[in-house]
1. Once every DSSP H run of n ≥ 4 in the chain is given -39500 (n - 2.57) and the sum is divided by its residues, what mean residue ellipticity at 222 nm do you get, rounded to the nearest 500 deg cm²/dmol?
2. Any idea of the accessible area per residue across segment 147-273, 1.4 Å probe, to the nearest Å²?
3. Name the GluC sites (Glu not before Pro) in segment 123-152 that are in a loop by DSSP and that have at most 11 other C-beta atoms within 10 Å, would you?
4. Any idea what % of Cα-Cα pairs in segment 118-276 are farther than 24 Å?
5. Using 0.36 nm per residue, how much length does the chain from Ala7 to Asp271 gain when fully extended, once their Cα-Cα distance is taken away?
6. Can you classify segment 57-106 as rounded, prolate or oblate using the Cα gyration tensor, where a ≥ b ≥ c are the square roots of its eigenvalues, rounded means a/c under 1.5, and otherwise it's prolate if a/b beats b/c and oblate if not?
7. Can you flag which of Lys4/Lys325; Lys97/Lys323; Lys148/Lys181 are past 28 Å Cα-Cα?
8. How long is segment 293-365 along each principal axis, judged by its Cα atoms, biggest number first, in Å?
Amino acid sequence: MVEKLEAIANQFCINATIKSIRTLQSGHINDTYLVTTNTSDSFVLQKLNSYVFKDVIGLIDNKIKVAQLISKNIESKHLNILSTQFYKAKNGNFYVKGDDNEYWNLQNYIPNAITFDKVPNTEVVFEAGKLYGSFIALTNNATALEIKETLKDFHSVPFRLEQFKEALENASQARKEEAQKEIDFVLEHQLEMSKIDALKNANTFPIRITHNDTKLSNILFDKCNKGLAVIDLDTVMPGIVHFDFGDSVRSICSNAEEDNDDFESLEIQLDYYKAYCKGYAKSTKKLLSKTEIKYLPLGVKTIIYIMGLRFLTDFLNNDKYYKTKYATHNLVRAKNQFALVNSVIKNYSEITAITNNAFGLEDIS
C-alpha cells in the first residue's frame with residue numbers, strides 16, 4: 001500500500017523526496033494521508049470517494065477555485081489566518097486518477113496546528129464562530145467562479161423526507177417497531193422543518209458559497225487556541241447560510257457527542273451558542289440580510305432534524321450509509337439528534353434573543 005501511495009504522491013509537483021506516508025484520517029467518506037519529505041514541507045494526500053461524489057472533477061474544481069479565492073482575500077485583507085492550497089500534478093491537472101476509478105489530490109499540510117473533537121471552553125467556540133463567519137465573508141465575491149452543486153439536495157428536507165418514506169415503506173417490521181417513536185417525531189415536525197426549503201425556493205435568501213460540513217474538527221487552531229484555518233473543502237458549493245450556521249451549532253454547542261445515549265441530559269449549551277454567535281457575527285453582521293439573520297435559529301433546528309432524519313433513514317435501510325459499531329447505533333444517533341431538536345424548541349425564545357443581540361438587531365419580527 002505504501003508503494004502505491006508513494007507512486008501517486010510522486011505524480012504531483014512537490015519538488016521533494018518522500019520520506020514517509022502514514023494515515024492521517026480515515027473517515028466516513030475519504031481516506032487521508034500525511035506525506036513527509038526531505039524538506040520542511042509536508043503534504044496531505046487525499047483519496048476522493050467517487051461513489052459518494054458523482055462529479056469528482058467538479059468537486060476538485062470547486063475546491064481549487066474556493067481555496068484560491070480565500071487565499072487571495074486573506075492576503076488583500078492582511079488577515080492572520082491561513083487557507084488550504086492545492087498542488088498540480090505533472091499532467092497539469094489538480095488531481096491524479098488511479099486504479100479502480102480513484103481520484104487523488106494533494107494539498108499543503110499546516111504544521112503546529114491542533115483540532116478539537118470536543119469543545120474545551122467558550123473561547124474556542126468564539127474562535128470557531130469567527131472562522132466560519134470569515135469563510136462566508138471571504139467567499140462573498142465568488143459569484144463569477146461558477147461553483148457547482150456537487151451534492152444535489154444535500155440539505156433539502158423534502159428530499160430527505162422522500163428518502164425516509166421510501167426506507168419506511170421497505171423497512172422490516174422489527175425495525176419499524178423499534179423506531180416508532182422517532183418515526184412519529186419526524187412526521188410530527190415535517191411541515192415546520194420544510195419551511196427553510198420553501199423560503200429558499202421562493203428566493204427569500206441569497207445564494208452564497210457554503211462549506212456544508214462545518215463541524216468543529218474542520219477548523220485548525222494554533223497552540224494558543226486561536227482560529228487558524230477552515231479545512232476540508234470537499235463539500236463547498238452554492239447554498240444558503242442557515243445550514244452552515246446550524247450545523248456548526250449542532251456540532252459545537254451540544255453538550256454530548258452525537259451517539260451519546262443519555263437522551264434526557266442532551267441540550268444546546270446556551271453559553272456556547274452565545275459565544276458562537278458573537279464570533280460568527282464579527283465578519284457577517286454587515287453582510288447578512290435581516291431576513292437571513294431572522295431565520296438562523298430555524299436553520300439550527302432544521303439541520304439537527306435533518307441529521308436525525310438521515311440516521312433514522314439509514315437505520316430503516318439496515319445501516320447502508322453510516323459506519324456502525326452495534327445493531328442500534330444509527331437509531332441511537334437519531335434519538336440523540338431529536339433530543340437535541342427538543343432542546344432547541346425548549347430554548348427557542350432565548351436562542352432567538354441571543355441571535356438578535358449578537359447581530360445588533362433587537363427585534364426581527
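1. That calculation yields -15000 deg cm²/dmol at 222 nm.
2. Accessible area per residue, segment 147-273: 46 Å².
3. Filter output for segment 123-152: Glu146.
4. Counting pairs separated by more than 24 Å, the tail of P(r) holds 46 percent.
5. On the way: separation 264, 0.36 × 264 = 95.04 nm, distance 4.90 nm.
That works out to 90.1 nm of additional length.
6. The shape class here is prolate.
7. Values: Lys4/Lys325 30 Å; Lys97/Lys323 26 Å; Lys148/Lys181 38 Å.
Going by Cα-Cα distance, Lys4/Lys325; Lys148/Lys181 fall outside the 28 Å limit.
8. 47, 18, 16
The values are calculated or read from the model by the stated rules, or taken from the named source; none is laboratory data. For clarity, every value in this text was computed on a predicted model and none was experimentally measured. When we count neighbours, we look across all protein chains shown, and the Cβ atoms used for this are built from the backbone with ideal geometry, even at glycine. In case anyone asks, the SASA skips ligands and DNA or RNA and just uses the protein heavy atoms, side chains included. Shrake-Rupley method; radii C 1.70, N 1.55, O 1.52, S 1.80 Å.
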